[in-house]
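Data block below; observations after.
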Amino acid sequence: MKTSEKLRTVGRPLALMTAAFLMWTGIAGAQTTQAPKSVNDIAVEFVGDQSVSEDRILSSMAMKPGDPFTQTAVDADIQNLYKSGLFDNIRILTEPAGSEKVDVIVQVQARSVVGRVSFRGNTEYSDQRLLSKIELRPGDVASETAIQTGQREIQSLYKDNGYTEVTVSY
(Lines give C-alpha, C1' and ligand atoms only; values in the text may rest on other atoms or scores of the structure.)
Protein backbone atom coordinates (compact mmCIF):
# COMPACT_ATOMS: atom_id res chain seq x y z
CA MET A 1 0.00 0.00 0.00
CA LYS A 2 1.34 3.38 -0.93
CA THR A 3 1.73 6.16 1.63
CA SER A 4 -1.00 8.24 -0.01
CA GLU A 5 -3.43 5.29 0.23
CA LYS A 6 -2.58 4.80 3.93
CA LEU A 7 -3.30 8.48 4.61
CA ARG A 8 -6.65 8.24 2.85
CA THR A 9 -7.68 5.17 4.88
CA VAL A 10 -6.67 6.79 8.17
CA GLY A 11 -7.83 10.25 7.09
CA ARG A 12 -11.44 9.30 6.30
CA PRO A 13 -12.32 7.88 9.73
CA LEU A 14 -10.47 10.74 11.39
CA ALA A 15 -12.39 13.27 9.31
CA LEU A 16 -15.69 11.52 10.14
CA MET A 17 -14.85 11.50 13.86
CA THR A 18 -13.92 15.19 13.75
CA ALA A 19 -17.15 16.06 11.92
CA ALA A 20 -19.21 14.02 14.41
CA PHE A 21 -17.47 15.73 17.34
CA LEU A 22 -18.08 19.18 15.89
CA MET A 23 -21.75 18.38 15.30
CA TRP A 24 -22.11 17.01 18.86
CA THR A 25 -20.47 20.06 20.43
CA GLY A 26 -22.67 22.30 18.31
CA ILE A 27 -25.76 20.50 19.57
CA ALA A 28 -24.50 20.54 23.17
CA GLY A 29 -23.66 24.23 22.85
CA ALA A 30 -27.12 24.97 21.49
CA GLN A 31 -28.69 23.25 24.50
CA THR A 32 -26.83 25.45 26.97
CA THR A 33 -27.83 28.68 25.26
CA GLN A 34 -31.55 28.30 25.90
CA ALA A 35 -33.52 31.38 26.81
CA PRO A 36 -33.60 31.87 30.59
CA LYS A 37 -36.71 30.90 32.47
CA SER A 38 -38.94 33.73 33.58
CA VAL A 39 -39.88 34.69 37.12
CA ASN A 40 -43.38 33.50 38.00
CA ASP A 41 -43.65 34.80 41.59
CA ILE A 42 -41.39 36.19 44.32
CA ALA A 43 -41.94 35.25 47.96
CA VAL A 44 -40.04 36.41 51.04
CA GLU A 45 -39.14 34.06 53.90
CA PHE A 46 -37.78 35.40 57.16
CA VAL A 47 -35.19 33.55 59.20
CA GLY A 48 -35.60 34.90 62.73
CA ASP A 49 -37.38 38.15 63.50
CA GLN A 50 -39.30 40.02 60.81
CA SER A 51 -38.03 43.53 61.46
CA VAL A 52 -38.22 44.62 57.81
CA SER A 53 -41.44 44.60 55.82
CA GLU A 54 -41.86 42.28 52.88
CA ASP A 55 -42.85 45.29 50.73
CA ARG A 56 -39.58 47.04 51.55
CA ILE A 57 -37.58 43.97 50.50
CA LEU A 58 -39.49 43.51 47.24
CA SER A 59 -39.24 47.21 46.37
CA SER A 60 -35.45 47.02 46.85
CA MET A 61 -35.21 44.31 44.22
CA ALA A 62 -34.99 44.91 40.47
CA MET A 63 -36.28 41.41 39.70
CA LYS A 64 -40.05 41.32 39.15
CA PRO A 65 -42.52 38.63 38.05
CA GLY A 66 -42.31 38.18 34.28
CA ASP A 67 -38.62 39.14 34.11
CA PRO A 68 -36.04 36.64 32.84
CA PHE A 69 -34.41 34.80 35.74
CA THR A 70 -30.64 35.23 35.39
CA GLN A 71 -27.68 34.90 37.72
CA THR A 72 -26.79 38.51 36.96
CA ALA A 73 -30.20 39.65 38.26
CA VAL A 74 -29.83 37.48 41.37
CA ASP A 75 -26.36 38.87 42.12
CA ALA A 76 -27.54 42.47 41.64
CA ASP A 77 -30.54 42.01 43.93
CA ILE A 78 -28.47 40.35 46.65
CA GLN A 79 -25.94 43.18 46.44
CA ASN A 80 -28.70 45.84 46.66
CA LEU A 81 -30.28 44.16 49.67
CA TYR A 82 -26.93 43.92 51.50
CA LYS A 83 -26.22 47.59 50.72
CA SER A 84 -29.35 48.55 52.66
CA GLY A 85 -27.55 47.45 55.85
CA LEU A 86 -30.70 45.73 57.10
CA PHE A 87 -29.63 42.11 56.65
CA ASP A 88 -27.06 39.71 58.03
CA ASN A 89 -27.83 36.94 55.56
CA ILE A 90 -29.61 36.77 52.19
CA ARG A 91 -30.26 33.76 49.94
CA ILE A 92 -32.25 33.59 46.72
CA LEU A 93 -33.65 30.16 45.88
CA THR A 94 -35.90 28.88 43.12
CA GLU A 95 -38.58 26.26 42.67
CA PRO A 96 -39.85 25.13 39.26
CA ALA A 97 -43.19 26.63 38.25
CA GLY A 98 -43.87 24.77 35.05
CA SER A 99 -41.41 24.17 32.25
CA GLU A 100 -40.60 27.80 31.47
CA LYS A 101 -40.96 29.62 34.82
CA VAL A 102 -39.54 29.62 38.34
CA ASP A 103 -40.85 30.80 41.67
CA VAL A 104 -38.22 32.85 43.49
CA ILE A 105 -37.84 32.59 47.26
CA VAL A 106 -35.88 35.36 48.98
CA GLN A 107 -34.68 34.17 52.39
CA VAL A 108 -33.50 36.98 54.64
CA GLN A 109 -32.13 37.21 58.14
CA ALA A 110 -32.67 40.77 59.28
CA ARG A 111 -30.35 42.56 61.65
CA SER A 112 -31.64 43.33 65.11
CA VAL A 113 -33.46 46.60 65.56
CA VAL A 114 -33.20 48.84 68.61
CA GLY A 115 -36.42 48.56 70.59
CA ARG A 116 -35.63 51.18 73.21
CA VAL A 117 -32.70 53.07 74.68
CA SER A 118 -32.54 53.35 78.45
CA PHE A 119 -29.98 54.32 81.08
CA ARG A 120 -29.45 53.01 84.61
CA GLY A 121 -27.35 54.47 87.40
CA ASN A 122 -26.94 57.90 85.87
CA THR A 123 -27.32 60.41 88.69
CA GLU A 124 -25.30 63.32 87.31
CA TYR A 125 -26.90 63.62 83.87
CA SER A 126 -30.48 63.18 82.72
CA ASP A 127 -31.53 60.48 80.28
CA GLN A 128 -32.16 63.24 77.72
CA ARG A 129 -28.61 64.57 78.08
CA LEU A 130 -27.12 61.08 77.66
CA LEU A 131 -29.44 60.36 74.74
CA SER A 132 -28.19 63.50 73.00
CA LYS A 133 -24.64 62.05 73.09
CA ILE A 134 -25.51 58.88 71.19
CA GLU A 135 -26.82 58.26 67.68
CA LEU A 136 -28.86 55.10 68.29
CA ARG A 137 -32.63 55.56 68.38
CA PRO A 138 -35.53 53.12 68.62
CA GLY A 139 -36.15 51.62 65.19
CA ASP A 140 -32.50 51.88 64.10
CA VAL A 141 -30.61 48.80 63.04
CA ALA A 142 -28.48 47.76 66.00
CA SER A 143 -24.81 47.72 65.07
CA GLU A 144 -21.89 46.96 67.34
CA THR A 145 -20.10 50.03 66.00
CA ALA A 146 -22.95 52.41 66.88
CA ILE A 147 -23.29 50.91 70.36
CA GLN A 148 -19.56 51.20 71.05
CA THR A 149 -19.46 54.77 69.72
CA GLY A 150 -22.31 55.75 72.05
CA GLN A 151 -20.55 54.06 74.96
CA ARG A 152 -17.36 56.06 74.29
CA GLU A 153 -19.30 59.33 73.92
CA ILE A 154 -21.05 58.92 77.27
CA GLN A 155 -17.81 57.88 78.95
CA SER A 156 -16.09 60.97 77.52
CA LEU A 157 -18.88 63.22 78.82
CA TYR A 158 -18.33 61.96 82.35
CA LYS A 159 -14.51 61.97 82.18
CA ASP A 160 -14.39 65.48 80.68
CA ASN A 161 -16.36 66.68 83.71
CA GLY A 162 -14.11 65.09 86.33
CA TYR A 163 -15.67 61.65 86.71
CA THR A 164 -12.55 59.71 85.75
CA GLU A 165 -13.59 56.42 87.38
CA VAL A 166 -16.88 56.10 85.51
CA THR A 167 -17.72 52.85 83.75
CA VAL A 168 -20.21 52.68 80.90
CA SER A 169 -21.42 49.25 79.78
CA TYR A 170 -24.20 47.79 77.68
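Structure values in brief
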{"read-out": "Where a label projected 7 Å from the Cα of S60 along Cα→Cβ would reach, residues of the stretch 134-149 with amide N under 15 Å", "value": "140-143"}
{"read-out": "Gain on full stretching of the segment that runs from D67 to N89 - 0.36 nm per residue minus C-alpha separation", "value": "5.5 nm"}
{"read-out": "At R0 = 30 Å, FRET efficiency that the Cβ-Cβ distance of I78 and I147 yields, to 0.05", "value": "0.65"}
{"read-out": "Stretch gain in nm, segment Y170-S99, where the contour uses 0.36 nm per residue and the Cα spacing is subtracted", "value": "20.2 nm"}
{"read-out": "Percent RCO, i.e. relative contact order, over the stretch 66-138, from Cα pairs under 8 Å lying at least 6 residues apart", "value": "22 percent"}
{"read-out": "Sulfur and carbon atoms: percent of accessible area, the stretch 78-127 [1.4 Å]", "value": "39 percent"}
{"read-out": "Amide N proximity, the stretch 58-90 versus A35 label position 7 Å along Cα-to-Cβ, cut-off under 15 Å", "value": "66-70"}
{"read-out": "Extension gain from Q107 to S126, taking 0.36 nm per residue of separation minus the Cα-Cα distance", "value": "2.6 nm"}
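The values are calculated or read from the model by the stated rules, or taken from the named source; none is laboratory data. Small disclaimer: the values here were computed from a predicted structure and weren't measured. When we count neighbours, we look across all protein chains shown, and the Cβ atoms used for this are built from the backbone with ideal geometry, even at glycine. For accessibility, only protein heavy atoms count, side chains too; no ligands or nucleic acids. Shrake-Rupley method; radii C 1.70, N 1.55, O 1.52, S 1.80 Å.
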